[in-house]
Amino acid sequence: MGSDADVDALLRELAPIFVAYNRSCLERLQTASEQGDLAAVDRLAHTLKGSAATLGATELSLRCAELRQSALAQNEDDVTRCIERVTSSFTHVANELSAYT
């Protein structure tokens, strides 16, 4: 990717976009879950999973994969638990990225 300065500059540009977009995604995930719309949960988890993987947020991406599996299995209780884990992982990533905003 280039020098550390290049990576830092890229993260300064991408971090606020990643956090804002995916915070909105998490809100929509919660709403979809509350409404029992597991198809929407799956789609949103897929989107967040890809975004996290692109940024290198491996744990967040893995938590989203687990959420997708629960949504596809129609396991609403597990979906709720998975959303809590996704939210926790996202919060950790957002806190780490705060150094670049």
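Going through the range 1-15 one residue at a time, which ones are free of Cβ contacts under 8 Å to residues at least 40 places away in the same chain, part of a helix (DSSP H, G or I) and among the small types (Gly, Ala, Ser)? Talk me through it step by step, then tell me what you get.
As a first pass, look at the range 1-15 and keep what is free of Cβ contacts under 8 Å to residues at least 40 places away in the same chain: 1-7, 9-10, 13.
Cutting the leftovers down to part of a helix (DSSP H, G or I) gives us 4-7, 9-10, 13.
Within the range 1-15, Ala5, Ala9 qualify.
Among residues belonging to the range 36-58 that are more than 11 Å from Leu72 (Cα to Cα) and of a type in the set (Val, Ile, Thr), point out the one that is surrounded by the most Cβ atoms within 10 Å (Cβ to Cβ).
Selected residue: Thr47.
Please give the number of the condition Arg68 fails out of (1) free of Cβ contacts under 8 Å to residues at least 12 places away in the same chain; (2) farther than 19 Å from His92 by Cα; (3) not aliphatic (A, V, I, L, M).
All conditions pass for Arg68, except number (1).
Every residue in the range 82-92 that is surrounded by 14 or more Cβ atoms within 10 Å (Cβ to Cβ) and without any contact (Cβ under 8 Å) to a residue 60 or more places away in the chain, please.
Cys82, Ile83, Arg85, Ser89
May I ask you to list the residues in the range 16-64 that are outside any loop (DSSP other than H, G, I, E, B) and touching a His at 6+ places or on another chain (Cβ under 9 Å)?
Passing the criteria: Glu59, Leu60, Cys64.
Looking at the range 19-50 only, could you name the residues that are touching a helix residue (DSSP H, G or I) at 6+ places or on another chain (Cβ under 7 Å) and either at pLDDT below 95 or of a type in the set (D, E, K, R) (or both)?
Arg28, Asp42, Lys49
The values are calculated or read from the model by the stated rules, or taken from the named source; none is laboratory data. The shown structure was predicted, so the numbers you read here are calculated from the model rather than taken from an experiment. Backbone-built Cβ (ideal geometry, glycine too); neighbour counts: all protein chains shown.
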